[in-house]
Amino acid sequence: MRAIYRTIADDEARHAELAWALDAWLSGQLDGEGRVRMVEARKIAADALAAHVAVTADAPERTALGLPSARVATELFSGLDGALWSRKGAASRSRLVAAAREQRVGTGAMQDGASCRSS
């Protein structure tokens, strides 16, 4: 099971890296007004997710499925909010991507220095 989850985690890290690369490129294609609208849309989406997490009730089914409790989900969201969507998030994203890339290189999961591969 550990090997299966490791493969899934590596694949998801590649998808995230590709998504951030696309975000950076696409953001650069927008004019100032477009970037402002994009930031506003992201804030609305993040606020909606925060509201959903805040009202998530603990239930035996969630525990049986291995889903986090409402308290843990709120803590996880707070970490994501700070790392991904805040102004300071760009530095956090860079550190997260670099750490993921370093881990894949160290485990041999990344070949020939390739990055942003889609699978």
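The values are calculated or read from the model by the stated rules, or taken from the named source; none is laboratory data. This one's a predicted model, so the numbers in the text were calculated from it and none came from an experiment. Positions of Cβ are generated from backbone atoms using ideal geometry, with glycine treated the same way; all protein chains shown enter the neighbour counts.
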Exercise for the section: Look at region 18-38 and say how many of its residues are of a type in the set (A, V, I, L, M) and surrounded by 13 or more Cβ atoms within 10 Å (Cβ to Cβ). Expected result: 3
Exercise for the section: Would you please name the residue that is nearest to L80 (Cα to Cα), looking only at residues in region 1-36 that are outside any helix (DSSP H, G or I) and hydrophobic (A, V, I, L, M, F, W, C)? Expected result: L30
Exercise for the section: Under 7 Å between Cβ atoms, at least 6 apart or on separate chains: pull out the pairs that start in region 56-71 with a residue that is free of Cβ contacts under 8 Å to residues at least 60 places away in the same chain and loosely packed, with under 14 Cβ neighbours inside 10 Å and end on any residue that is assigned to a loop (DSSP other than H, G, I, E, B) and not hydroxyl-bearing (S, T, Y). Expected result: none
Exercise for the section: Among the helices (runs of 4 or more DSSP H) lying completely within region 50-119, list those that include at least 3 residues that are at pLDDT below 55. Expected result: 89-107
Practice task
From L65, L49, grab the single residue that is closer than 27 Å to W25 by Cα and among the hydrophobic types (A, V, I, L, M, F, W, C).
Solution key: L49
